[in-house]
Each structure stands twice: as C-alpha cells, then as structure tokens.
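To start, the structure under review is shown below, and the notes come after it.
The values are calculated or read from the model by the stated rules, or taken from the named source; none is laboratory data. Remember, predicted model here, so these are calculated numbers, not experimental data. Positions of Cβ are generated from backbone atoms using ideal geometry, with glycine treated the same way; all protein chains shown enter the neighbour counts.
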Ligand code: AZC
C-alpha cells in the first residue's frame, strides 16, 4: 500500500510527475484553484494572507514534482546521502527563494497581477523562519540550498521550534525581547509525517543482561519517553534540478492527556506530562557563542540526535537489510557539538539494539561522522556536568566512559604524557567533572573541520592541540561560503540584471564567471551603472529606516554598516567609540573636509548578556544625541535598526558602501556577513580574522581595508597582561571619546550607565579595543579620502563583486563532498 511520498524509502515507482505548464495563465488558474479549494475563498473575499497561501501552494506543487523525482533517483541509484545534523537552521523566507530557483518569477508576478495582487507585497507577509541564532544557523541554511543546487542528496535534520529566535524591540534605547510566533498562520511549506515518529527515552536505568550462550549486554530502560514527529520541508536547488528534505522534529507526548487525573478533577495535572514533552521543542535557546547549560538544552540535543539516527537507521535497513555498510551510504555531519551526543547514541543503537560488537560499531561510527567546529571561545565550548548527563542518559554516559578509556589507551601507547592526556580526556576533571562535547565529537569522527584557514590553524594550536597530535590527519579546513542565489540574485535584482547585461547570464549557473566583471572595473560607464544600482539599494534601505525609526538619512552619504550578533569580541563598542570621536572632531573642526556618513548597526544580544545589552543601549544613546545635533548637519548619522534578521539582511547587504568586520583577531571563526557584503559591492574595513584573511587574498590588498593587531599579536598581549590605560592616556581622541561617555554626554539621565564598560578598557582591554583604536581611526580616515574619489571607490566596489565568487557555498559544499563525505556528483560509486 505504498504510494510514493516525498521520503526516500519508497521502492515503488513514483507516478511520473506532471509536467505542468509554467506560463502565467496556467499559474493564474492554479492560484485561483488553490484559493478556492484549499483555502475556501473567492477573490473578492481573499485577504493578502490568503493570496500568499494560495501562491505558496501553487509554487509548492511544482517543487513536489521535482522532490519526488529527486528522491526516487537517489533511492534507485543507491547514492550516498549526506545527513546534516544541526540544532539551528536560520532559513528566513522561502517563497522568493523557491520562485527564483524554479525560474518562475515572471509567470508568478504576471499571474498575480491578473487579480491585482503584487508579489512584492504579499511575499513580505511570509514569516521569517528564524530557527537559529546567527552565523552557524544561517550557514546551515546556505548549505541546504547549495547541496540542492549542486546535486548532493541530503537531509537536513533539526528541531521544529514553535518559537524561533526572539523578536527584538528597542524601548528607550534598550533591547526588549518578545516571543516570536512564526507558526501563527500555519506553515504551508511543511508536511507532517506521522508515520515517521520515534520514541526518545530519558532517565531510568541500565540493566545488564546475561543470557546463556550470548555475550553479556546492557539494556537501557528509560524512565520517560517522548515521541519525535517529523515535519518535512522541501529545499529546492537552482533551476529546480534537485530537491532535498529538511526534516525537523517536533516533540509530543505519548499520552496526550492523563484521563484518570482529568476525570478526578485535576485538569492541570492531566496535561502535565504532555506539557513537559512538548517543552523540548518549544523554544530556541538564544545563546550565541556561550553555552546554555540547562537540562532542557541537553534534552533538546539528545532528542533531535536520537530521532535523526533512528530515522537514518530505519531507512538504511529498509534499503540494505544490514548496517555493516552504513558509512558507504550515509555521511553524517555534526554542525558544532550540539549533536555530538550522536556519537554515543549511534554506538548504543549499533551495540545494544542491533547486536554489533564494540570494535565494528566504533569503526562504523567514525567512518560515518564528521564534525565542524565554529568557535574557539572557551565560554562557547559545550560541557555537561556528569551527574546531569548520567541521570538523563545513563547508557550513553557508560559508552562515553568506554570511548574515553579507549582513547586514553591509544594516547598512552603513542607516548603522550600526563598533561596531554588531561587535554584529550572526554571528561574534564577540573570543573566539577564534566563531559566535553568537543572531545567526544572529535574522537567519534573521521574528519574535523574549521570554517576558515586561520580558524583551522588555531584549532590545531589551541583547543584541539593534543588531539591533533594524536590524530594529525583528521583536522582539515573548509572555508565557509554563502549562497549566491539568495545573497546576490534574490537580494539584489538590480545588480543581477546589470551583471547579466554586462557579461551575460553564465554567472547564474557558474558563479565563478563573475570574474569577467573585473575587466569592467576601469570602465567608467559600467562603474556609474554599478553605483547607480547601489544608490537605488540605499534608497530602499533609507526608506525602511525612515518608516521604522523616523530618522531620515541621505542615500548619498557613505552607508557604513555593522550587522551581526552583539558580542564583545565583534567589537561594536569599537565602532561606536569611533563614531563618538568623529562626532567630536566634526564639531571641533567644522572647516575640515568631512565626508557624510551614516553608521548603521543591527543585531541581537543574548538576553542574559549584560555587556552586550549595554552596548546596544550606548549605540542608541549616541544615535539620539548625534542625530538631534544640528552642528553635525548631515555629516554623521547613527542608526540602530531593531530586529535584525534574514529578511532585513536581504535589504541591508546590497545597500552597504562599507562593511565592518572588526572582531578581535583570532576570535571570529570565519564570518559570513563579510562575504555577503563584499559580494554586493561593499568595501570591507576589517581585522586579519576569520575569512577576512582569505578575502584579502582573493580581493587583493588594494581592495580591502585591513587594520589592527594580528591573532598572534593579540595572543601575545594577553599573555603579557595588557591593559588599555597607557594607550588611552596617550590618545587624545580616544580619551576624549571615553570621557564623554563617562560624563554622561549621551546618558544625561543615567550618569553611571557606562562606567564599567569604559573602566574595562582602562583596566584590562581584553578585546583590544584601546589597542586597535588608533589604527581603526586612521583607516576610517583613509576611507573618507577614498569616498571623495568616486571613480576609485567604484572601481574597488566592482572588483569586490568580481572577485568574491570563491566564497560561494557551492564551493564549500563541493569541498565537503569531495574531501569529507565522498558523496554527490563525481563521488566514487559506493
Ligand atoms: C559562528 C561563528 O562565530 C562565525 O564566525 C562563523 O562564520 C559561523 O559560526 C559559521 O561558521 N558561530 C556561531 O554562530 N555559534 C557558535 C556556537 O559558534
């Protein structure tokens, strides 16, 4: 009784997908049909949301045709599949992406026009799927799109959070967090797959079973169980050639209601179990770059890891009847350590459930897993207290001890000494005994990668120093990338049209062709058109700023933008201090040739991160004072755009003249916003950090503005117990800027507000803000000079777009496919 579904495991032929016509008349009638029969309205009664839903459903039908085909092809060919396990997928909206990748933009636009509906208007009603925090989650979304576009058969596995990343408002200059509710109007992209549900256990006991004639076994009898239910979203690649599945798990109770309790009058208690189960997938933790640490977080991690592995195993057994060849058919990528418990869970499933001996289970596990590290920040490295781990996952804890013993044996045999053994150990003995998830992910994987060349080298030198010595061939680099479909073609249709006109459409399929633009960088007519597109994009952003904040900014001014999570290491503080110094200088020396700038900020602070919230407050305080001061006229404006998210990024990236990538060197693993800005023709001011280093190599040093201490210099100063005091005392600009903050120039209602933020610079300057200030200031002034020289600025802007193609996530994915997964087009037959 198998009809073809969009899962892969059907062995029957899918019905030949309908080859629908893609003209606007066909679309117009299909949209009308959806409106009538799926939504139950006629055009006269339809609201804009109804049109959005009808359009989405009509477009979705096209995707389903390709989806069924893709799955059937992969199943029949027995190709290896990639399973990308990620706690976060920061997707944003999907309608424009789908329409554009299917080449339907014109037909759909015209079809809707028949009903007097504008696609540009209704697409804004689609909620932003914000199932992630920042770079790590957005990378997973770019990778999903690129795997579909490059034809790598893949499943994304994650969590279907009911509430995604919080909505940020700014009230009296301060961040306020509000719940996000993306599922409020339902989600037309997803398919609930009740048939793909798995039981996930927690707690309970492990029993040893000794049956005569059989080796002794361990059996886990969990104390609680919840159900993981799959929700699938198709992810369509460029030109619709391949469609993959994003499978997100939702937690449900096995007993939706305790009827006995209900009937005896305990109406709340009757729902307690259901509430507890559903809590697992209720909200995304908003902590970026520091570990959450609560029990619910560990439950989330295990929940989605176990569900994904059970699903992978079920599919594999159905196709092959054995798990011996699992690693030939499946590559599982662990996106950071959030799914690292998978290493222990796969061992448990292989040994306890499927009867494998330890050694073979271990071979399969290592051959199947690989792990990506996204940060070296110590506060972000996940560790779990042993007692918590043991209580929640007793059998997995036993397995971790056994893996640890085996690893330490190996290290000892290779002659590693005590200190190195301590560093390798999966158990941290120094902080009240904790399980180290990074070590677990590392030893359970055949490949470990960093996300930029610099970050990968630092991984070898720092967190994984001893593990790297033990397994010297395991760490490799895979520099991040961004999808050019969303971040150039969809976000910047003006530039896409101009480039198509100038060098032809080949770059749409092969982004490396963008290099042909390089020759046009010295062509004055082309440059002018390029900058005219930039101006239009700036006008679009200026309109958003005017509408949301009632601040009017001049699109002719330099748009100097820093958008990303707010974190001390990303140094929004350095940027705003520079703005203050500039404000002082403009007022003291009005006769100088200042260039008009709009400093734009956006980004969310983790709700519990006090310093980050103070920085947001300071930016807003400075904005209020500067923007109201007639003495700076239009030379300086400061803007904080609330609720930075994927959809806003699509407006912001194309509108930047200058991109701020100014992290303390050695701390930004890669960055991906840096790539989006430069691809859209912004110049970068940045440190030698993360992927900035490789951008410098590709762009050439005349096309990027690098300043400040290197990673090695930062590390050296930190060893020397550097402080900012003498630097500040010797820099009049910096001292005066800090004095004005402390004196309450920007916070007349709260004199003490920023005292500790500033005194940290004097006493310690951990993030090298004082140390890098002067170099940053000088580089900004060079950019002022360049801004006056319109042809030179334009030439560099064009060269940025022309030379960024290597930073496409298609390139990243091809490298993972070849070096780590051995999957995808061109992979050896398995
Ligand atoms: C980020 C890194 O901070 C950023 O530099 C990188 O570009 C991105 O991952 C993608 O690799 N890290 C995170 O978002 N979060 C954590 C926990 O590292």
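Looking at the range 367-382 only, could you name the residues that are farther than 12 Å from residue 441 by Cβ and either within 15 Å of the ligand (Cβ to nearest atom) or modelled with pLDDT under 95 (or both)?
Matches in the range 367-382: 375, 376, 377, 378, 379, 380.
Within the range 163-178, does at least one residue satisfy the condition of being away from the ligand (no atom under 16 Å from the Cβ), under 21 Å from residue 305 (Cβ atoms) and crowded, with 23+ Cβ neighbours inside 10 Å?
Looking for residues that are away from the ligand (no atom under 16 Å from the Cβ), under 21 Å from residue 305 (Cβ atoms) and crowded, with 23+ Cβ neighbours inside 10 Å, one finds none in the range 163-178, hence no.
Within the bounds of the range 753-764, is there any residue that is within 16 Å of the ligand (Cβ to nearest atom), part of a loop (DSSP other than H, G, I, E, B) and crowded, with 16+ Cβ neighbours inside 10 Å?
No: zero hits.
For the range 665-700, how many residues meet the condition of being in a loop (DSSP other than H, G, I, E, B), away from the ligand (no atom under 16 Å from the Cβ) and out of contact with any strand residue (DSSP E or B) (no Cβ under 7 Å at 6 or more places or on another chain)?
Looking only at that region, the number is 3.
Within the range 701-735, restricting attention to residues that are exposed (fewer than 14 other Cβ atoms within 10 Å of the Cβ) and in a loop (DSSP other than H, G, I, E, B), which residue is modelled with the lowest pLDDT?
Restricting to residues being exposed (fewer than 14 other Cβ atoms within 10 Å of the Cβ) and in a loop (DSSP other than H, G, I, E, B), the top hit is 721.
Condition check ((1) within 24 Å of residue 417 (Cα to Cα); (2) more than 15 Å from the ligand (Cβ to nearest atom); (3) in contact with a strand residue (DSSP E or B) (Cβ under 8 Å, 6 or more places away or on another chain)) across all residues:
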residue	(1), (2), (3)
460	yes, yes, yes
465	yes, yes, no
469	yes, yes, no
479	no, no, no
486	no, yes, yes
489	no, yes, no
495	no, yes, no
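Can you tell me which of 604, 599 is buried (at least 24 other Cβ atoms within 10 Å of the Cβ), within 16 Å of the ligand (Cβ to nearest atom), at pLDDT 95 or above and not in a helix (DSSP H, G or I)?
Going through 604, 599 in turn, just one is buried (at least 24 other Cβ atoms within 10 Å of the Cβ), within 16 Å of the ligand (Cβ to nearest atom), at pLDDT 95 or above and not in a helix (DSSP H, G or I): 604.
Only one residue in 144, 87 is within 16 Å of the ligand (Cβ to nearest atom), assigned to a loop (DSSP other than H, G, I, E, B), at pLDDT 95 or above and touching a strand residue (DSSP E or B) at 6+ places or on another chain (Cβ under 8 Å), so which one is that?
87
Checking residue 60 against (1) within 26 Å of the chain's Cα centre (by Cα); (2) outside any loop (DSSP other than H, G, I, E, B); (3) over 30 Å from residue 331 (Cβ atoms), only one condition comes out false. Which one?
(3)
Does the range 152-186 hold any residues that are over 30 Å from residue 639 (Cα atoms) and within 21 Å of the chain's Cα centre (by Cα), and which are they?
152, 153, 154, 155, 156, 157, 158, 159, 160, 161, 162, 183
Filter the range 443-457 down to the residues that are outside any strand (DSSP E or B) and either under 21 Å from the mean Cα position of the chain (by Cα) or on the phi > 0 side of the Ramachandran plot (or both) and list them by number.
Within the range 443-457, 451, 452, 453, 454, 455, 456 meet the criteria.
Give 124, 139, 102, 35 a once-over and let me know the one that is farther than 22 Å from residue 496 by Cα, modelled with pLDDT of 95 or more and away from the ligand (no atom under 16 Å from the Cβ).
Result of the check over 124, 139, 102, 35: 35.
Which of the residues that make up the range 187-210 are part of a loop (DSSP other than H, G, I, E, B) and closer than 28 Å to residue 243 by Cα?
187, 188, 189, 190, listed by residue number.
Only one of (1) assigned to a loop (DSSP other than H, G, I, E, B); (2) over 16 Å from residue 87 (Cα atoms); (3) within 16 Å of the ligand (Cβ to nearest atom) fails for residue 184. Which number is that?
Just one mismatch for residue 184, condition (3).
Looking at (1) touching a strand residue (DSSP E or B) at 6+ places or on another chain (Cβ under 9 Å); (2) in a loop (DSSP other than H, G, I, E, B); (3) at pLDDT 90 or above, which one does residue 293 not meet, given that it meets all the others?
(3)
Let me spell it out: the conditions are (1) surrounded by fewer than 23 Cβ atoms within 10 Å (Cβ to Cβ); (2) in contact (Cβ under 8 Å) with a residue 24 or more places away in the chain; (3) assigned to a helix (DSSP H, G or I); (4) touching a helix residue (DSSP H, G or I) at 6+ places or on another chain (Cβ under 6 Å), and residue 309 meets all of them except one. Which number is the exception?
(1)
Among the listed residues 314, 282, 272, 239, which satisfies the condition of being at positive phi, more than 16 Å from the ligand (Cβ to nearest atom) and either surrounded by fewer than 17 Cβ atoms within 10 Å (Cβ to Cβ) or not assigned by TED's automatic domain parsing to the domain that holds residue 151 (or both)?
It is 239.
What pairs come up if the first residue lies in the range 11-31 and is surrounded by 12 or more Cβ atoms within 10 Å (Cβ to Cβ), the second is at pLDDT below 55, and their beta carbons are under 9 Å apart, counting only those six or more places apart or on different chains?
14/3; 14/4; 14/5
Where residues in the range 285-307 are more than 16 Å from the ligand (Cβ to nearest atom) and more than 20 Å from the chain's Cα centre (by Cα), which of them is farthest from residue 196 (Cα to Cα)?
Out of the qualifying residues, it is 295.
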